[in-house]
Amino acid sequence: MSGKKGHDHQSPSGNSGQKSPGRRGQGRLARLALVLETIKFSHTLFALPFAAVGAVWARQGVPGLYESLLLLLAMVAARTCAMSFNRVIDARLDAANPRTSSRAIPAGLLSRRYVLALGIISGSIFLAAAAAFWPLLGNPWPAMLALPVLGLLIGYSYTKRFTMLSHYVLGASLGLAPVGAWVALTGGIGWMPVMLGTAVIFWTAGFDILYSLQDMDHDRRSGLRSIPARLGPERSLLMAEFNHLLSMGLLLALYHLRLDDYIDGPRLGWLYMGGAIVFYALIFYEHRLLKPDNLSRLNRAFFHANAMGSMLFAAFAVADVLLV
């Protein structure tokens, strides 16, 4: 029937539906770009640098090839799974929000089934990568902890429905990155990755509070819980800054504790400290760009300060171990 959504199987001219190889290739690239935008693949830059720091700290040097590939695969697959489920779970809410109504599922560009399948496949890849640490490296802990971790990553999408502390659940999801890398490579736990992971929790909660300011009115109308919806813009900005101060304090405390041999792990030196200072200089520059009555620069501040800051911190922290 001509009124049904079957036009994807027809050629633009309405003939037999066959397309030239060039057009098929362009279509696949466009679909790939749409999928990557849907899961915000570029935001992997927020968590991956901290996983790299945890891995280098665990090995006190560069991990082996198999270890590095498994960690990278697990990280990317876990985040892809989490974001795919988030888009499916929040599809109805996204459709009602003017800011997110153009996302792929509400706009009809991707089906829920397609994105759900992507989530299931990527989740399975994460579980397989975690399980592979057992036979290949003799470490059963990633396999044992993978399912609870996946539960947290997927469960985050429901938290705004019942608690304004959802920002911290998101923070815990990213804060697991350095802890998970350490556990995967050592089979144990240590204070260095725990303190770094806790710093990531407060850092993430801070920038998520800022990001949620865009949806404050929608959250209030929809009965969703968030700190901006509860506290308003002025106090939310202060809350975000407080979280970032806590995060910076943890990184500075980690430097002093390790410098004085109070905790085990590789020594931290001036490069680590320099990276932390640069990181938080960018973060607090982000705060200076935002005003309660003017959030027009939020997206630029959000991505540039946080993505660039996390990468620079990781580069300095890794160099601190490898070069000093």
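The values are calculated or read from the model by the stated rules, or taken from the named source; none is laboratory data. For clarity, every value in this text was computed on a predicted model and none was experimentally measured. Here the Cβ positions follow ideal geometry from the backbone for every residue, glycine too, while neighbour counts run over all protein chains shown. Quick note on the areas: whole protein, heavy atoms, side chains included, nothing else; ligands and nucleic acids left out. Shrake-Rupley method; radii C 1.70, N 1.55, O 1.52, S 1.80 Å.
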**OP:** For the stretch 221-239, state whether one or more residues are assigned to a helix (DSSP H, G or I) and closer than 25 Å to P178 by Cα.
**Re:** yes
Original post:
Is there a residue being farther than 21 Å from I201 by Cα, in contact with a Lys or Arg (Cβ under 6 Å, 6 or more places away or on another chain), of a type in the set (A, V, I, L, M, F, W, C) and open to solvent by less than 50 Å² (accessible area, probe 1.4 Å) anywhere in the stretch 301-321?
Top reply: no
Subject >> Options R92, R99, R87, R103; residue that is touching a residue at least 40 places away in the same chain (Cβ under 8 Å) and more than 19 Å from the chain's Cα centre (by Cα) >> reply: R99
Original post:
Taking the stretch 94-137 as the region of interest, how many residues are of a type outside the set (S, T, Y) and touching an Asp or Glu at 6+ places or on another chain (Cβ under 9 Å)?
Top reply: 9
Original post:
Within the stretch 285-294, can you find the residues that are surrounded by 16 or more Cβ atoms within 10 Å (Cβ to Cβ) and either at pLDDT 85 or above or of a type in the set (F, W, Y) (or both)?
Top reply: H287
**OP:** For the stretch 266-274, state whether one or more residues are touching a residue at least 60 places away in the same chain (Cβ under 8 Å) and open to solvent by 60 Å² or more (accessible area, probe 1.4 Å).
**Re:** no
Subject >> Which numbered condition N97 fails, given (1) open to solvent by 60 Å² or more (accessible area, probe 1.4 Å); (2) in contact with a His (Cβ under 9 Å, 6 or more places away or on another chain) >> reply: (1)
Subject >> Residues satisfying the stated conditions in the stretch 146-169, i.e. open to solvent by less than 30 Å² (accessible area, probe 1.4 Å) and of a type in the set (A, V, I, L, M, F, W, C) >> reply: A146, L150, L153
Original post:
For F85, all conditions in the list (1) over 21 Å from A205 (Cβ atoms); (2) in contact with a Gly (Cβ under 7 Å, 6 or more places away or on another chain); (3) surrounded by 20 or more Cβ atoms within 10 Å (Cβ to Cβ) hold save one; what is the number of the exception?
Top reply: (1)
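Table: residues versus (1) under 20 Å from S236 (Cβ atoms); (2) in a loop (DSSP other than H, G, I, E, B); (3) within 21 Å of the chain's Cα centre (by Cα); (4) modelled with pLDDT of 90 or more.
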{"position": "L268", "(1), (2), (3), (4)": "no, yes, no, yes"}
{"position": "L271", "(1), (2), (3), (4)": "no, no, no, yes"}
{"position": "Y280", "(1), (2), (3), (4)": "yes, no, yes, yes"}
{"position": "S296", "(1), (2), (3), (4)": "yes, yes, no, no"}
{"position": "R300", "(1), (2), (3), (4)": "yes, no, yes, no"}
{"position": "F303", "(1), (2), (3), (4)": "yes, no, yes, no"}
{"position": "A307", "(1), (2), (3), (4)": "no, no, yes, no"}
{"position": "A315", "(1), (2), (3), (4)": "no, no, yes, yes"}
{"position": "V321", "(1), (2), (3), (4)": "no, no, no, yes"}
Subject >> Only listed residue being open to solvent by 20 Å² or more (accessible area, probe 1.4 Å), modelled with pLDDT of 95 or more and farther than 18 Å from F46 by Cα, chosen from M239, M216 >> reply: M239
Original post:
What residue, among those in the stretch 41-51 that are modelled with pLDDT under 80 and open to solvent by 40 Å² or more (accessible area, probe 1.4 Å), is nearest to A77 (Cα to Cα)?
Top reply: F41
Subject >> Complete set of residues in the stretch 141-176 that are free of Cβ contacts under 8 Å to residues at least 12 places away in the same chain and closer than 25 Å to Y66 by Cβ >> reply: M144, P148
Original post:
Has the stretch 68-82 got at least one residue that is at pLDDT below 95, under 27 Å from L295 (Cα atoms) and open to solvent by 30 Å² or more (accessible area, probe 1.4 Å)?
Top reply: no
Subject >> Which numbered condition R112 fails, given (1) touching a residue at least 12 places away in the same chain (Cβ under 8 Å); (2) more than 17 Å from F41 (Cβ to Cβ); (3) open to solvent by 40 Å² or more (accessible area, probe 1.4 Å); (4) within 18 Å of the chain's Cα centre (by Cα) >> reply: (4)
Original post:
Limited to the stretch 47-63, what total is found for residues that are in contact with a Lys or Arg (Cβ under 9 Å, 6 or more places away or on another chain) and part of a helix (DSSP H, G or I)?
Top reply: 1
